[in-house]
Amino acid sequence: MTPQFAPVEPFDLVIFGGTGDLAMRKLLPALLHRFNDGQMPPGSRVIAVARDHGFSSVQYRERVQQALSGTGDRAGLEGFLPLLDFHALDVTSAEGWQSFAQEVQRVGERVRVFYLATSPDIFVPICEGLHSHGLAAGQSRVVIEKPIGRDLASAARINDAVGRFFSEQQTYRIDHYLGKETVQNLTALRFGNALFEPLWNAAHIDHVQITVAETVGVESRGPYYDKSGALRDMVQNHLLQLLCLVAMEPPAAFSADAIRDEKLKVLRALKPIDASNAAQLTVRGQYRAGAANGQSAPGYAEELGHTSDTETFVAIKAEVANWRWADVPFYLRTGKRMPERLSEIVVTFRSVPHSIFEPSAGPLQSNKLVLRLQPDEGVKFWLMNKVPGPGGMRLRHVAMDMSFAETFNVRHVDAYERLLGDVVRGNPMLFMRRDEVEAGWRWADQILAAWADSHESPKPYTAGSWGPSAAVALIERDGRTWNDDAG
Ligand code: BG6
């Protein structure tokens, strides 16, 4: 199946932090794919900005060529590289902005995307520089990467500061989980089918699990990660966004604000977790040496070079306190150095009220809708079925399995690829609005404060395991189990 693309006019994409990890690993590969699909019309430019004085566009292209050589499309890469330019600029200094602005404005008015793939400390000087050199006007837009703050107060400061120079409509706060295929498919499944919505509530759903497990450790990101931890790095943004899409009311239209309004209501309905209940509802963990991907793996402290109380794993029993979801637990779990890379949403329905079958038919298990984000994006719907053949009624829990790769036979599109395309087109639907980010922090801040007050260190878990045993206990004391290995 060939992807369908709406054509775009030539545009500029300026990447601050253009030599950094995000640019090399995610943004430039995504742009190369856009280019190969004919989505970067001739005349479009990618201008990478970083402090490296003495570095040239030729050297930059060589570096990108090396970084993207594994993409396998040599002809595409050769066509793409000439679109790239490098501009050295110390954004915190008054010098250099003039010549940078001249280079950007060398071509007339067009869509200009300024992607801040930098530390948030320099968001303000960048936005100020863009504004005072006339680059924040017209069709300009700014993309800001998480972390947007480390708590509500710092997020508000960043949002205020960026907001002085760019309007909310020009500001794209990226949460790349929203660009993942299955995440968007959740909206399609819920609101494109009549089947689910009548059952999508506390009367029929027993609980929801959201797991984002990674096999990687923190590796070279230690200095950032250690100040953040799993709650700030993953839960406040990615996991809460997934929870919102599961829990939100049907929006009136498939439009950015209609959807964001509904997500915001969910965030505001999250039951507070604070010092009174954090010990029962949350588990923090940190990996110790063990094994990952079949090899021995160091512990977090060894990777970091010092001991630390930062969590690399979190499990939370959350609740959305409204009519639709009263008393339905949303178990959230994320961690580094888990046994496998697995992100999924599992919606488990209630059991049948009465079984008509003999015990010899086997146990009845609940229906489950499993949305797999990665790897192998797809949807499985678990149902009880009769085992075929003679021998009486024997039942088995089997999955209707829809793998996207097999069903649609299309190339996997990385989240960044889709999201960059949306910024160029001016479609903010898959980006977080200011009030959503702040509502997420309002909930997370109370958990962080409760943890800080408790002075408890994170519980150790062995690299390559599913986290501390307390995370298993968190769900098992409710008579439920994590969906590990169940498919
Ligand atoms: C990022 C986090 O936002 O998401 C990282 O900062 C994490 O710590 C990454 O590894 C996970 O993204 P993905 O797309 O690989 O699941």
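Taking the range 349-375 as the region of interest, how many residues are farther than 25 Å from TRP200 by Cα and surrounded by 13 or more Cβ atoms within 10 Å (Cβ to Cβ)?
3
Could you run through the range 389-428 and say how many residues are closer than 24 Å to ALA23 by Cα, in contact with a strand residue (DSSP E or B) (Cβ under 7 Å, 6 or more places away or on another chain) and in a helix (DSSP H, G or I)?
Number satisfying all stated conditions: 3.
Collect the residues in the range 196-233 that are touching a helix residue (DSSP H, G or I) at 6+ places or on another chain (Cβ under 9 Å), hydrophobic (A, V, I, L, M, F, W, C) and under 26 Å from LEU304 (Cβ atoms), keeping them in residue-number order.
Answer for the range 196-233, where residues must be touching a helix residue (DSSP H, G or I) at 6+ places or on another chain (Cβ under 9 Å), hydrophobic (A, V, I, L, M, F, W, C) and under 26 Å from LEU304 (Cβ atoms): VAL212, VAL218, LEU231.
With respect to LEU245, determine if the residue is in a helix (DSSP H, G or I), within 15 Å of the ligand (Cβ to nearest atom) and under 18 Å from ILE345 (Cβ atoms).
no
Residues in the range 429-448 that are among the aliphatic types (A, V, I, L, M) and either over 22 Å from LYS180 (Cβ atoms) or in a helix (DSSP H, G or I) (or both): how many?
Our first condition is that a residue be among the aliphatic types (A, V, I, L, M); within the range 429-448, this holds for 429-430, 432, 437, 439, 444, 447-448.
Still in the running and either over 22 Å from LYS180 (Cβ atoms) or in a helix (DSSP H, G or I) (or both): 437, 439, 444, 447-448.
Final tally of qualifying residues: 5.
Pairs under 7 Å by beta carbon, first residue farther than 16 Å from LEU420 by Cβ in the range 134-148, partner of a type in the set (Asp, Glu) and surrounded by fewer than 21 Cβ atoms within 10 Å (Cβ to Cβ), six or more apart or different chains?
Close Cβ pairs (under 7 Å, with a partner that is of a type in the set (Asp, Glu) and surrounded by fewer than 21 Cβ atoms within 10 Å (Cβ to Cβ)) amount to GLY138/GLU109.
Please work out which one of (1) charged (D, E, K, R); (2) free of Cβ contacts under 8 Å to residues at least 40 places away in the same chain; (3) within 22 Å of ARG221 (Cα to Cα) is the condition ARG61 fails and give its number.
(3)
Checking LEU420 against (1) more than 16 Å from the ligand (Cβ to nearest atom); (2) open to solvent by less than 20 Å² (accessible area, probe 1.4 Å); (3) over 30 Å from ILE273 (Cα atoms), only one condition comes out false. Which one?
The failed condition is (1).
GLN184 - would you say it is away from the ligand (no atom under 16 Å from the Cβ), over 30 Å from ALA50 (Cα atoms) and in contact (Cβ under 8 Å) with a residue 60 or more places away in the chain?
no
Yes or no, residue by residue, for (1) of a type in the set (A, V, I, L, M, F, W, C); (2) open to solvent by 40 Å² or more (accessible area, probe 1.4 Å):
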position	(1), (2)
ARG45	no, no
ARG51	no, yes
GLU62	no, yes
ASP73	no, yes
LEU83	yes, no
LEU89	yes, no
ALA94	yes, yes
SER99	no, yes
SER119	no, yes
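Considering (1) within 16 Å of the ligand (Cβ to nearest atom); (2) open to solvent by 10 Å² or more (accessible area, probe 1.4 Å); (3) more than 19 Å from the chain's Cα centre (by Cα), say which one LYS317 fails and leave the rest.
With respect to (1) within 16 Å of the ligand (Cβ to nearest atom); (2) open to solvent by 10 Å² or more (accessible area, probe 1.4 Å); (3) more than 19 Å from the chain's Cα centre (by Cα), LYS317 is out only on (1).
Which residues, taken from the range 441-469, are open to solvent by less than 50 Å² (accessible area, probe 1.4 Å) and over 18 Å from ALA275 (Cα atoms)?
Passing the criteria: TYR461, ALA463, GLY464, SER465, TRP466, GLY467, PRO468.
Quick check on SER366: is it outside any helix (DSSP H, G or I), hydroxyl-bearing (Ser, Thr, Tyr) and assigned by TED's automatic domain parsing to the domain that holds ASN201?
So SER366 fits the description; yes.
If the requirement is being within 16 Å of the ligand (Cβ to nearest atom), open to solvent by 20 Å² or more (accessible area, probe 1.4 Å) and more than 21 Å from ASP414 (Cβ to Cβ), which of these qualifies: ARG164, ARG150, ARG157? So that I can check it myself, show each step before the final result.
On the way: ARG164 fails: within 16 Å of the ligand (Cβ to nearest atom); ARG157 fails: within 16 Å of the ligand (Cβ to nearest atom).
Result of the check over ARG164, ARG150, ARG157: ARG150.
Under 7 Å between Cβ atoms, at least 6 apart or on separate chains: pull out the pairs that start in the range 19-38 with a residue that is of a type in the set (Lys, Arg) and end on any residue that is in a helix (DSSP H, G or I).
Close Cβ pairs satisfying both conditions: LYS26/TYR416; ARG34/GLU417; ARG34/LEU420; ARG34/GLY421.
Starting from residues that are more than 13 Å from the ligand (Cβ to nearest atom) and under 23 Å from THR182 (Cα atoms), keep the ones in the range 203-236 and report whichever is surrounded by the fewest Cβ atoms within 10 Å (Cβ to Cβ).
HIS204
Has the range 388-397 got any residue that is of a type outside the set (D, E, K, R), open to solvent by less than 50 Å² (accessible area, probe 1.4 Å) and free of Cβ contacts under 8 Å to residues at least 12 places away in the same chain?
yes
The values are calculated or read from the model by the stated rules, or taken from the named source; none is laboratory data. Quick caveat, the model's predicted, so the values are computed rather than measured. Glycine also receives a Cβ, built like all others from the backbone with ideal geometry; neighbour counts cover every protein chain displayed. These accessible areas exclude ligands, DNA and RNA; they are computed on the full protein's heavy atoms, side chains included. Shrake-Rupley method; radii C 1.70, N 1.55, O 1.52, S 1.80 Å.
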